[in-house]
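Chemist: Structure incoming, see below.
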Amino acid sequence: MIEASAGHDREQVLYVYRGDSDHGQEVAYRVPVVPGMVVLDALHFIQAHQAPDLAVRWNCKAAHCGSCSAEINGQPRLLCKTRLDEYGADDLHVQPLHTFPVIRDLVTDVSWNYERAQDLVPAFHPDESPPFHLQQWEVDRVEEFHRCIECFLCQDACHVLREHGLFGQYWGPQLMVRVAELEMHPMDTGNRTALLHGAAGVGLCNVTHCCSDVCPEGIEITHNAIIPLKERVADQYYDPVGEWLHKLIRPKAKSAVPAPAIQDR
Amino acid sequence: MNAARKYAVESLSYDVLVIGAGGAGLRAAVAISDAGLSVGVVSKSLLGKAHTVMAEGGVAAAMAHVDADDNWEVHFRDTMKSGHFINNARMVELLTTEAPERVLELESWGAVFDRTPEGDIMQRAFGAHSYRRLCHVGDHTGKELLRTLQNRVTHLGVTFYPEVIVTRLFLIDGRIAGALAYQRRDGHFLLFQTRAVVLATGGWGRLYATSSNSWESTGDGTALAVTAGATLSDMEMVQFHPTGMVWPPGVRGLLVTEGVRGEGGVLVNAEGRRFMADYDAERMELSSRDVVARAIYREVQAGRGTPHGGAWLDITARGSDFINRKLPSMRAQFLALADVDITRQPMEVAPTCHYMMGGVRVDPDTCTTAVPGLFAAGEVAAGLHGANRLGGNSLADLLVFGKRSGEGAAAFARQAPSPPAVSTRQVQAEIDRVLKPLERVDGPSPYQLHSDLQQLMSHHAGLARTGSALSEGLYHLLELREQARHLAVPGGTLYNPGWNLALDLDALLLLGEAIIDSALERTESRGAHFREDCPAEDPAWAQVNVVITQDEEGALHVGTAPVVPPGPRLQHILSPLDGQSTAGRTGS
Ligand SMILES: Cc1cc2nc3c(=O)[nH]c(=O)nc-3n(C[C@H](O)[C@H](O)[C@H](O)COP(=O)(O)OP(=O)(O)OC[C@H]3O[C@@H](n4cnc5c(N)ncnc54)[C@H](O)[C@@H]3O)c2cc1C
Ligand code: SF4
Ligand code: SF4
Ligand code: FES
């Protein structure tokens with residue numbers, strides 16, 4: 001816990017969403033700013049001094065676990081990695097992820113993502129048993145995908161889910177990273193092309209790159225995961241319906257992530 | 001508020017309940033499922049967020065891919081020596097012989113590790129390991145391990161309950177019969193009826209103000225176990241990792257992986273001297289954690305600390321290509337949070353509370369505790385690490401003993417008759433108890449009490465201890481316990497962190513007392529336990545572990561139990577040791 005006595009030079013007002021899935025509103029909290037402070041520190045200060053029941057997820061405080069995902073001034077961010085000094089004197093609005101239902105305050109129900117992971121079959125499927133003989137470059141090729149911290153910020157940013165709500169038709173970028181991780185594993189022999197083409201709906205992605213832009217691990221989701229997966233599907237299927245849907249759901253706004261309507265949740 | 005308010009209680013039944021979804025819990029769940037039994041897994045966070053995900057350096061397994069002379073016997077010797085010989089030798093034997101198999105098994109489930117030029121799993125150097133032994137992938141090995149197990153259980157039909165927190169184990173006729181938990185997302189209660197429970201609840205680093213641990217690490221399972229009748233052991237053995245971040249204030253305690261030193265980072269004091277030469281000239285930065293942590297502490301005490309009370313850790317000599325490849329998360333962590341580019345600047349570091357060597361006493365082969373039907377594995381269990389844990393041995397522990405505990409629990413559940421149903425009266429009594437903080441209108445805040453407890457433990461039972469400071473600490477701790485009976489929290493049971501913390505404090509207060517009691521009992525210095533008033537190691541204390549039990553009234557009792565000695569075969573491995581260093585020794 002950061003105490004005010006740590007020596008602070010200014011105060012910052014945070015407008016934090018308080019409420020559940022039915023209703024809620026932003027509440028203003030004033031916190032003393034200490035050097036290097038991140039938004040999660042500010043929320044912990046609020047819990048300790050003003051609102052003990054403020055709901056927020058966190059674990060590592062080091063951008064390693066992907067628990068503390070939320071939206072800061074409309075942008076999907078990790079609360080533990082976002083410094084207050086980035087925003088200078090600007091107001092700070094802290095909102096739950098827009099794409100998933102709110103449970104309480106900043107905590108959203110992200111169970112949909114875990115359910116899709118369960119549908120991802122076949123799981124890793126090697127023909128040989130270890131010890132495997134692999135070269136470092138083969139490891140490097142998939143290592144990027146293994147860095148995913150399952151923060152679901154990319155899911156939050158993807159307009160197919162965020163704006164169009166096509167949860168039944170596209171699994172979203174995070175699950176594409178998972179599929180890519182398996183498909184490109186040098187020892188894997190499973191085939192997931194039918195899944196990608198069908199239930200997982202990779203065809204609905206129209207490579208806007210919004211997901212890659214928000215990924216805190218810097219994973220090149222669009223270029224390194226999704227496009228190669230699309231190519232695998234294209235090799236096997238030609239899909240006029242997908243083409244048509246694909247055109248229909250271009251994002252409305254050109255901005256990286258369309259700003260959510262604040263408060264009306 | 002109306003105490004008679006009704007809460008939904010959902011009743012569920014599994015052959016085995018696993019509490020905890022870190023490496024140990026998930027590996028146990030795989031074993032139970034493989035045995036054909038039904039298994040439910042609960043955890044305080046979402047799937048894949050447990051502490052294990054933060055482990056960076058690697059998993060220790062004597063595969064001899066890099067140093068051909070390595071083998072399980074050398075690993076055994078390194079571990080016993082680091083534990084100052086109060087380890088359970090049988091546990092160490094199982095760990096060192098089985099770890100390579102468990103790591104390869106992960107590969108068959110989809111994990112990837114960095115490679116040697118020959119195409120084998122790469123192994124890196126780590127403190128007090130005689131050879132390069134830690135299998136790793138960059139600096140996110142824990143994540144690789146946890147994800148692999150997560151993906152495995154996902155497809156095995158294991159039922160997972162995220163954000164479900166157990167507050168009570170029920171015993172009937174002295175045997176495990178069930179557990180009560182609350183579910184954060186709807187504030188409802190879940191009653192698990194089960195024949196066996198595997199505790200895989202991790203550590204209790206949240207007892208200390210400067211800590212690398214997450215909010216989950218409040219030792220709930222350890223407290224549940226001792227209250228149910230299990231014995232705790234080695235509670236005085238608290239590992240302070242030498243290198244935690246110190247600045248800015250918000251990141252104080254965040255871990256800087258030992259991998260930095262493993263890959264060539266050096267420690268320098270404010271005067272620019274590589275001071276490890278004065279403490280362990282042979283192993284230098286790669287000495288054991290207790291030695292390095294104490295060295296930094298001493299340098300700061302002597303006035304040779306950095307501006308924020310630590311030491312400089314410098315890896316710039318390795319160049320940016322190397323650092324970006326081998327330590328990408330560390331580089332990102334310092335850039336984002338401290339404005340420090342570790343490819344060009346040194347890091348400021350100081351000791352941080354990191355790991356609990358102590359915990360629940362278990363049978364090495366099956367992980368069973370003193371309570372029939374109760375098993376424990378991972379950080380919650382004691383014995384493997386003795387007085388000081390070697391880096392990389394924890395991840396190996398999770399795999400080896402996670403599997404063994406799952407098999408132990410499955411074997412028990414298979415032959416045990418169904419326990420009688422837990423009575424509604426017992427369930428209601430527990431629900432009434434946990435709702436208390438929500439019903440009080442006025443009282444101390446759990447956040448304040450937690451902060452006071454952390455300060456107390458850091459000052460009175462931290463890296464350096466004395467008998468008088470410990471006694472004083474105990475006195476204040478009992479005062480805090482009294483205050484804890486009056487905690488008040490606003491809000492309801494739906495996702496309420498203040499309420500959750502109020503309940504976590506029960507475990508923290510109990511374990512804080514257990515640590516102080518044990519530290520008072522061991523009147524010598526050994527491994528992580530450093531008594532300024534008795535600074536020498538005393539051979540008589542090498543013969544015993546300090547143990548804790550709880551009586552019906554809730555009072556803790558401290559005592560000793562003889563160290564389980566190594567059998568003749570293991571004795572033979574240790575004989576060439578005779579107190580000298582094993583560094584560079586060829587395994588035989
Ligand atoms: C930053 C960091 C780096 C590390 N690096 C390394 C390394 O490189 N190598 C190494 O070997 N070790 C390392 N360690 C140590 C190692 O990561 C941990 O000791 C190990 O992961 C503990 O695993 P576990 O399965 O025992 O428990 P954890 O991973 O801590 O999991 C505990 C589980 O129990 C659950 N739980 C607890 N209480 C309850 C309750 N009341 N109800 C329900 N669920 C509950 C939690 O939610 C969680 O799921 C590191 C530790 C840290 C903090
Ligand atoms: S590229 Fe655009 S459409 Fe495709 S997954 Fe990413 S955000 Fe969604
Ligand atoms: S791909 Fe990136 S943004 Fe998406 S969940 Fe993983 S880490 Fe988060
Ligand atoms: S708390 Fe782990 S990513 Fe922010």
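The values are calculated or read from the model by the stated rules, or taken from the named source; none is laboratory data. Keep in mind that what you see is a predicted model, and the values were worked out from it rather than measured. Virtual Cβ from ideal backbone geometry, glycine too; neighbours counted across all protein chains shown. Remember, those area values only see protein heavy atoms, side chains included, never the ligands or the DNA or RNA. Shrake-Rupley method; radii C 1.70, N 1.55, O 1.52, S 1.80 Å.
Chemist: Over 22 Å apart: what share of the alpha carbon pairs of region A:10-108 falls there, rounded to a whole percent?
Modeler: 20 percent
Chemist: Which three extents, in angstrom, do the Cα atoms of chain B have along their principal axes, listed largest first?
Modeler: Extents along the principal axes, in whole Å: 66, 50, 49.
Chemist: Quick one: what do you get for region B:352-471 if you divide its Cα Rg by 2.2 N^0.38 Å?
Modeler: Rounded to two decimals, the normalised Rg is 1.45.
Chemist: Note the angle between two axes, namely the Cα long axis of helix A:39-49 and the longest principal axis of the Cα atoms of chain A, as a number of degrees from 0 to 90, rounded to the nearest 10.
Modeler: Around 40 degrees separate the two axes.
Chemist: Under a cut-off of 13 Å between alpha-carbon atoms, report the aspartates and glutamates in cross-link reach of A:LYS230, not counting same-chain residues fewer than 8 places apart.
Modeler: Of all the aspartates and glutamates, those that pass the test against A:LYS230 - Cα under 13 Å, at least 8 places apart if same chain - are A:GLU183, A:ASP239, A:GLU243.
Chemist: Can you find, among B:ASN545, B:LEU449, B:SER518, the residue farthest towards the positive end of the dipole of region B:439-562? Put +1 on the C-beta of Lys and Arg, -1 on that of Asp and Glu.
Modeler: The residue sitting most towards the positive pole is B:LEU449.
Chemist: Additional query: Tell me, what is a quarter of the convex hull surface for the C-alpha atoms of the protein assembly as shown, in nm² with one decimal?
Modeler: 33.6 nm²
Chemist: Using only the alpha carbons of region A:48-191, what is the convex hull's orientation-averaged projected area in square nanometres?
Modeler: It is 11.5 nm².
Chemist: What is the spread of the Cα atoms of region B:504-561 along each of their three principal axes, largest first, in whole Å?
Modeler: The principal-axis extents, from largest down, are 35, 22, 15 Å.
Chemist: Further question: Under DSSP H, which helices of chain B have Cα atoms covering 24 Å or more of the helix axis and a Kyte-Doolittle average no less than 0.0?
Modeler: Qualifying helices: B:393-415, B:497-521.
Chemist: Of the beta bridges DSSP finds with both residues in chain B, what % are antiparallel, to the nearest 5?
Modeler: 65 percent
Chemist: For B:ALA507, what charge total do you get from the other residues with a beta carbon under 10 Å from its beta carbon, if Lys and Arg give +1 and Asp and Glu give -1?
Modeler: -2
Chemist: Working from Cα positions, state the angle (0 to 90°, nearest 10) between the long axis of helix A:173-183 and the longest principal axis of chain A.
Modeler: Around 40 degrees separate the two axes.
Chemist: Just the projected area, averaged over all directions, of the convex hull on the alpha carbon atoms of region A:111-249: how many nm²?
Modeler: Computed as one quarter of the Cα hull surface, the answer is 8.4 nm².
Chemist: Here's a follow-up. Using modelled amide H (1.01 Å from N, peptide plane; none on Pro or chain starts), what sits under 5 Å from the amide H of B:GLY244, excluding residues fewer than 5 places away?
Modeler: Under 5 Å from the amide H of B:GLY244: B:VAL256, B:ALA350, B:THR352.
Chemist: Another question, then. Under a point spin-label approximation (7 Å from Cα along Cα-to-Cβ), what is the B:ARG344-B:GLN415 distance to one decimal in nm?
Modeler: Spacing of the two 7 Å Cα→Cβ label points: 6.6 nm.
Chemist: A follow-up question, please. Based on the alpha-carbon gyration tensor of region B:242-352 and its eigenvalue square roots a ≥ b ≥ c, which shape applies: rounded if a/c is under 1.5, prolate if not and a/b is larger than b/c, or oblate?
Modeler: The shape class here is oblate.
Chemist: Could you state the accessible area per residue of chain B in Å², with a 1.4 Å probe and every protein chain left in place?
Modeler: 32 Å²
Chemist: Oh, and also: Taking 1 over the mean of 1/r across every pair of different Cα atoms in region B:439-562, what Kirkwood radius in Å do you get?
Modeler: With all distinct Cα pairs of region B:439-562 included, I get 15.9 Å.
Chemist: Let me ask you something else. With n ≥ 4 as the cut-off for DSSP H runs, can you work out [θ] at 222 nm for chain A, using -39500 (n - 2.57) per run divided by the number of residues, rounded to the nearest 500?
Modeler: My calculation for chain A gives -8000 deg cm²/dmol from helical runs alone.
Chemist: Calculate for chain B the 222 nm mean residue ellipticity that helices alone would give, adding -39,500 (n - 2.57) per DSSP H run of length 4 or more and normalising by residue count, nearest 500 deg cm²/dmol.
Modeler: -11000 deg cm²/dmol
Chemist: Which net charge results for the neighbourhood of B:ASP139, defined as the other residues with beta-carbon distances under 11 angstrom from its beta-carbon, given Lys and Arg at +1 and Asp and Glu at -1?
Modeler: Residues close to B:ASP139 contribute a combined charge of +1.
Chemist: Tell me the net charge near B:LEU456. Cut-off is 14 Å between Cβ atoms, B:LEU456 excluded, with +1 for each Lys or Arg and -1 for each Asp or Glu.
Modeler: In short, -2.
Chemist: Using the structure shown, list the pairs from A:LYS81/B:LYS403; A:LYS81/B:LYS436; A:LYS61/B:LYS326 with a Cα-Cα distance above 31 Å, or answer none.
Modeler: Those over the limit are A:LYS81/B:LYS403; A:LYS81/B:LYS436.
Chemist: For chain B, which span is the longest to avoid every loop-located (per DSSP) member of trypsin sites (Lys or Arg not before Pro) having at most 12 other Cβ atoms inside 10 Å?
Modeler: That gives B:7-343 as the longest site-free run.
Chemist: Can I ask one more? Suppose we take every Cα in region A:5-68 and form the convex hull; what volume per residue is that in Å³?
Modeler: Cα convex hull per residue, to the nearest whole number: 92 Å³.
Chemist: Still on this structure, I have one more. State, to one decimal in nm, how far the label point of B:ALA540 lies from the label point of B:ASP432, with both points 7 Å from Cα in the Cβ direction.
Modeler: 4.9 nm
Chemist: Next question, about the same structure. Per residue, what volume in Å³ does the convex hull of the Cα atoms of chain A enclose?
Modeler: For chain A, the hull spanned by Cα atoms encloses 145 Å³ per residue.
Chemist: What relative contact order, as a whole-number percentage, does chain B give when Cα pairs under 8 Å and 6 or more residues apart are counted?
Modeler: Over chain B, the number comes to 21 percent.
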